[in-house]
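Report on one structure; see the data block that follows.
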Amino acid sequence: MTIFLASLFLPKTVYFKLPDAPQKGGKRGNGNRPSRQPPPKADKLKVKTNARPPLDTRPSLFAPHPANTPPRTPTDDEAEIPLQDGLFVNEDGVRLHVSDDEGSTCGPTDKESPLWGSRVNQPKSRASSPPPPSLLDHSRTLQKAKELGRQGVVQPRQQRSDSHDRVFANANWRIVTSDQGNGGLRNAADAAARDGFDEEYTWVGTLGMPTDALEGTQQKEDIHDRLSTEYNMLTVFCSDKDFDGHYSHFCKQILWPVFHYQIPDNPKSKAYEDHSWQFYVNLNQAFADKIIKNWKRGDTIWVHDYHLLLVPGMVRQKLPDAKIGLFLHVAFPSSEVFRCLAVRKELLEGMLGANLVGFQIPEYTRHFLQTCSRLLKNVEATPQGVQLDDRFVNVMSNPIGIDPVSLNLHRQEHEVKRWIDVMKDRYKDKKLIVARDKLDHVRGVRQKLLAYELFLNKNPQWRDKVVLIQVALSTSEKTDLDAAVGDIVTRVNSSWANLAYQPVVYLKQDIPYSQYLALLTIADALMITSQREGMNLTSHEFLLCQDGKMDDKRHGSLILSEFTGTSSLFGGNELSVNPWSYRQCSEAIGKALEMSDEEKDTRWRKLYQAVENHTGGHWFTEYLTLLDRFYDEQHHHAQTSVPRLNLQKLDLAYGRSQRRLFFLDLEGTLIPNNPMSSMIPMNPQRTLSVLNDLVEDPRNMIYVMSARRPQELDRLFRLVPNLGLVAESGCFVKNAGTAQWTEMADRANIATWKESVKSILQYYLERTPGAEIEERHCSLVFHYKDAEDFAMAERQASDWTGHINESCEEQRVHATQLENSVVVESIDWTKHTAAQAIYKEHSVNAPYADKAAPLDFLMVIGDGREDEKVFRWANELGQKKAVQQVITVSLGNRNTEANATLTQGVSGVLVTLQKLASHA
């Protein structure tokens with residue numbers, strides 16, 4: 001069996017050897033600035049595995065200098081080092097970064113690479129950027145271009161594109177390691193394989209480069225075939241237009257900001273309602289088609305991150321029985337933020353195509369469940385997942401980690417040791433605070449620098465003794481943040497720098513991996529002030545590098561934003577800060593520098609233990625193990641997998657039993673579903689007749705369970721003596737043969753939460769003319785069937801439900817959206833708790849039998865979600881052999897815990913019970 005790992009970028013890409021590579025004025029970096037040196041020939045890019053260029057032949061932030069003065073901040077033209085300079089290259093000559101977006105570490109960057117479509121050894125994109133104001137305008141533009149082409153008018157750009165395409169169509173090429181993609185995922189897969197995970201997996205993704213130039217050529221087929229056969233990678237080819245619109249515009253301008261609590265509705269935003277949405281759909285469909293084409297029964301599909309949220313739903317439509325997992329490596333925002341997306345429903349439905357949706361930490365899991373509950377109709381969010389109409393989707397949190405084994409191997413390299421010695425000498429007698437972040441609004445670089453400036457202002461004794469080294473990875477877009485950060489750096493350095501000291505070392509480029517590891521090793525503190533971040537693994541790498549094996553100094557301190565997912569793993573042993581509080585961040589810097597060695601050691605040991613317990617390899621195998629388990633459970637409980645009730649076996653078990661206990665749901669099971677406000681159901685005579693026949697047998701104990709009030713059930717079943725009743729979903733119980741009701745719920749507790757919920761419902765009642773609130777003893781029901789604007793009330797019902805569930809969670813109250821109403825009731829008294837109490841009483845004594853005998857027959861029949869807990873409880877009794885025969889029957893069409901189904905509805909139930917009653 002195969003595991004398909006679907007990620008936007010493949011771990012490998014293609015480099016071409018161009019015969020006429022430009023020697024002067026060539027492009028480099030992001031394609032906007034001239035190169036200082038001629039671009040290298042493709043065959044000269046190769047270096048030995050783990051080899052590094054000579055240290056004294058390349059630019060370096062930490063090069064030894066006669067004077068003890070850090071090098072100057074690079075100019076804008078020097079912000080990105082060309083590939084041939086050898087800065088942080090791998091064995092294929094491809095420039096790499098250490099970690100970028102959430103989940104990336106020790107290798108290729110994740111997402112947001114500015115290099116897409118602008119390398120001299122890869123084709124250039126044909127996509128027009130940005131997308132037109134409307135897709136209709138784009139269609140008209142294409143039509144106009146076609147007309148010009150038919151008239152013989154060829155634009156200069158088209159001529160250049162044709163020439164460009166011919167070069168790549170015939171150029172030699174080779175497979176290299178990609179500098180884009182989720183490095184954390186790659187490392188986790190490699191670590192799992194090294195640790196014994198023997199399942200075969202196949203990568204599914206794009207090459208991370210424009211491919212229109214290869215369309216219709218043999219090159220494209222050869223690349224696809226070689227990656228498939230030699231590297232076990234399936235290449236997804238899509239048009240440059242679709243990729244650019246998907247990645248550069250929808251993902252980066254809409255999804256990325258929203259997932260990090262930045263609403264893209266501001267004067268400078270280029271986003272609009274249908275901005276690049278169709279491109280996002282097209283690329284997701286290309287992934288789904290590739291997976292569907294290669295899938296075989298028994299295979300596993302594991303989709304990764306926010307680029308591919310529609311893929312699970314698209315695959316589910318074509319492969320209903322497929323095993324599909326989805327893991328989101330970034331944060332997931334609250335429902336109030338996510339609902340700002342115009343395509344919120346489509347994204348959620350796409351995600352819910354998976355069997356298991358995974359998040360980094362419980363906070364993101366809770367946000368997702370609340371969002372589904374509030375924005376989608378007819379779904380119920382539970383702590384375990386989301387109940388849809390026809391199936392259940394499990395939701396869980398499982399934080400990714402680093403690969404300590406691989407990182408330790410890199411730390412042993414000679415170059416890392418050399419840089420440790422160089423930097424220890426370079427910053428002798430200085431305390432080092434290090435940081436490495438992408439220069440965007442999410443990472444909090446500006447807040448960090450302002451906090452550091454405040455620290456120096458308030459602590460003059462540290463002005464000549466501490467240095468902040470900030471590595472800032474530039475992004476593909478120039479923003480005001482770039483200038484703001486530069487101004488702060490200039491101000492701090494101009495205020496306190498001298499010939500022998502510079503308080504801030506600021507580098508707008510990535511650094512070699514060896515320097516990065518050396519920095520983490522000798523640092524006195526690592527400072528991370530992200531405003532939002534799914535998981536920051538730089539902190540994990542820092543803690544590992546601080547184990548003292550490479551340097552005999554005491555452990556450093558970790559200053560970590562409370563808004564990173566990593567913060568929830570460390571149990572407060574880090575120095576947690578709010579990045580918006582400059583005073584708190586400033587005080588944390590002081591505490592990190594002045595903390596005693598004993599406290600540093602104690603904190604480090606506890607933090608290091610968390611890193612050891614959450615490794616990438618463990619995350620990889622644990623997720624797939626849980627996916628297998630949840631898929632089997634879901635498949636076992638699927639309505640199509642649960643067998644029909646076998647009437648012959650039922651009749652045989654019923655005849656052999658001596659004491660029988662029945663729990664029968666009322667609405668939808670014994671009588672047709674009617675509005676909750678209806679006092680008396682229509683034509684209950686047949687139901688009453690069947691129940692009378694059953695209770696005539698002294699071996700039978702029958703309990704009817706309902707959400708109705710006690711007095712309603714008394715009125716309905718007054719002609720059926722010796723019938724047990726459960727009212728208001730478990731809050732009241734009337735035992736068979738008695739006239740008194742027993743109140744199971746705590747009235748004082750109910751009165752408390754009722755006041756809170758009533759105020760919420762009253763708010764919505766005033767804004768929903770025609771609706772009404774029904775108050776029962778233990779519950780509240782908001783009826784909107786007669787609302788003047790029913791459609792609006794139905795849309796907003798999920799909002800009411802979510803509002804109550806979020807605000808009243810501590811009061812143990814749960815709201816459920818039903819057809820035409822929202823029911824609010826306590827989670828401490830349910831049909832399940834009532835059934836348990838009744839079973840406990842009747843399993844000891846036999847009040848209606850001539851002779852005491854053990855309870856040996858239990859039957860539960862229901863059709864609603866609230867009956868599922870009763871099914872599960874009853875089945876557990878059967879598994880423990882507490883009851884010899886347990887039959888649970890569901891009438892619904894959703895997945896169920898019941899061990900049998902009846903498809904004839906109420907009529908089928910009555911026929912079945914009548915046959916049992918007439919048993920000789």
Here is a list of conditions, (1) within 30 Å of the chain's Cα centre (by Cα); (2) touching a residue at least 60 places away in the same chain (Cβ under 8 Å), and Leu481 meets all of them except one; can you say which number that is? (2)
Against the conditions (1) assigned to a helix (DSSP H, G or I); (2) more than 16 Å from Leu526 (Cα to Cα), where does Met396 fall short? Just the number, please. (1)
Just one listed residue, out of Arg443, Arg436, is assigned to a loop (DSSP other than H, G, I, E, B), of a type in the set (Lys, Arg) and under 24 Å from Thr529 (Cβ atoms), and it is Arg443
Flagged in region 870-905 as closer than 17 Å to Leu388 by Cα and either crowded, with 17+ Cβ neighbours inside 10 Å or not assigned by TED's automatic domain parsing to the domain that holds Tyr703 (or both), in numbering order, are Ser890, Leu891, Gly892, Arg894, Asn895, Thr896, Glu897, Ala898
Take the residues in region 299-322 that are in a loop (DSSP other than H, G, I, E, B) and more than 20 Å from Ser228 (Cβ to Cβ), then tell me which one is nearest to the chain's Cα centre (by Cα). Asp305
Residues of region 736-754 being over 17 Å from Gln711 (Cβ atoms) and not hydrophobic (A, V, I, L, M, F, W, C), which ones? Gly737, Asp746, Asn749, Thr752, Lys754
With the requirement that a residue be touching a strand residue (DSSP E or B) at 6+ places or on another chain (Cβ under 8 Å), within 24 Å of Lys428 (Cβ to Cβ), in a loop (DSSP other than H, G, I, E, B) and of a type outside the set (S, T, N, Q), what does region 497-550 give you? Pro503, Ile511, Ala523, Asp524
Filter pass, Thr217 being among the β-branched types (Val, Ile, Thr) and either assigned by TED's automatic domain parsing to the domain that holds Thr538 or buried (at least 17 other Cβ atoms within 10 Å of the Cβ) (or both): no
Within region 804-825, identify whether any single residue is more than 23 Å from Val870 (Cβ to Cβ), hydrophobic (A, V, I, L, M, F, W, C) and under 33 Å from the mean Cα position of the chain (by Cα), and answer yes or no. yes
Which residue, of Leu388, Leu356, is crowded, with 23+ Cβ neighbours inside 10 Å, in contact with a Leu (Cβ under 8 Å, 6 or more places away or on another chain) and more than 16 Å from Val822 (Cα to Cα)? Leu356
Index of the failed condition, Arg629 passing every other in (1) in contact with a Phe, Trp or Tyr (Cβ under 8 Å, 6 or more places away or on another chain); (2) without any contact (Cβ under 8 Å) to a residue 60 or more places away in the chain: (1)
Pairs, please: C-beta under 6 Å, at least 6 apart or cross-chain, first residue in the same structural domain as Leu593 (by TED's automatic domain parsing) and in region 408-435, second assigned to a helix (DSSP H, G or I) and of a type in the set (S, T, N, Q)? Glu415/Ser514; Val416/Ser514; Trp419/Ser514; Trp419/Gln515; Ile420/Thr521
The conditions are (1) small (Gly, Ala, Ser); (2) within 19 Å of Trp619 (Cα to Cα); (3) in a loop (DSSP other than H, G, I, E, B), and Ala342 fails exactly one of them. Which is it? (2)
Has region 424-445 got any residue that is buried (at least 21 other Cβ atoms within 10 Å of the Cβ) and more than 27 Å from Ser561 (Cα to Cα)? no
Where in region 815-920 are the helices (runs of 4 or more DSSP H), entirely inside, with at least 3 residues that are farther than 24 Å from Thr382 by Cβ and among the polar types (S, T, N, Q)? 905-917
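For (1) outside the structural domain of Gln384 (by TED's automatic domain parsing); (2) within 25 Å of the chain's Cα centre (by Cα); (3) part of a helix (DSSP H, G or I); (4) on the phi > 0 side of the Ramachandran plot, each residue gets a yes or a no:
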site	(1), (2), (3), (4)
Trp619	yes, yes, yes, no
Tyr623	yes, yes, yes, no
Arg629	yes, yes, yes, no
Asp632	yes, yes, yes, no
His636	yes, no, yes, no
Gln639	yes, no, no, no
Asp651	yes, no, yes, no
Phe663	yes, no, no, no
Thr669	yes, no, no, no
Just checking, which of Lys296, Lys268 is at pLDDT 90 or above, out of contact with any Cys (no Cβ under 7 Å at 6 or more places or on another chain) and on the phi < 0 side of the Ramachandran plot? Lys296
Filter result (β-branched (Val, Ile, Thr), out of contact with any Ser or Thr (no Cβ under 8 Å at 6 or more places or on another chain) and in contact (Cβ under 8 Å) with a residue 24 or more places away in the chain) within region 216-268: Thr217, Val258, Ile263
Quick check: anything in region 311-321 among the polar types (S, T, N, Q) and crowded, with 24+ Cβ neighbours inside 10 Å? no
Cβ-Cβ under 7 Å pairs, at least 6 apart or on other chains, region 319-336 side closer than 16 Å to Phe392 by Cα, far side of a type in the set (S, T, N, Q) and outside any strand (DSSP E or B): Lys323/Asn355; Ile324/Asn355; Gly325/Asn355
When restricted to Glu728, Glu696, the only residue surrounded by fewer than 21 Cβ atoms within 10 Å (Cβ to Cβ), among the acidic types (Asp, Glu) and not assigned by TED's automatic domain parsing to the domain that holds Leu818 is Glu696
Could you list, in sequence order, all residues of region 170-205 that are part of a strand (DSSP E or B) and either more than 22 Å from the chain's Cα centre (by Cα) or not assigned by TED's automatic domain parsing to the domain that holds Lys220 (or both)? Asn172, Trp173, Arg174, Ile175, Val176, Thr177, Glu200
Quick check on region 798-812. Is at least one of its residues surrounded by fewer than 16 Cβ atoms within 10 Å (Cβ to Cβ) and part of a loop (DSSP other than H, G, I, E, B)? yes
With the requirement that a residue be over 20 Å from Leu627 (Cβ atoms) and surrounded by fewer than 24 Cβ atoms within 10 Å (Cβ to Cβ), what does region 322-334 give you? Pro333, Ser334
Scanning for something among the acidic types (Asp, Glu), surrounded by fewer than 24 Cβ atoms within 10 Å (Cβ to Cβ) and more than 28 Å from Ile263 (Cα to Cα), does region 565-582 turn up at least one residue? no
If Leu481 passes every condition in (1) closer than 22 Å to Leu560 by Cβ; (2) surrounded by fewer than 20 Cβ atoms within 10 Å (Cβ to Cβ); (3) modelled with pLDDT of 90 or more but one, which one does it miss? (3)
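The values are calculated or read from the model by the stated rules, or taken from the named source; none is laboratory data. Please read these numbers as outputs of a predicted model, since none were measured by experiment. Positions of Cβ are generated from backbone atoms using ideal geometry, with glycine treated the same way; all protein chains shown enter the neighbour counts.
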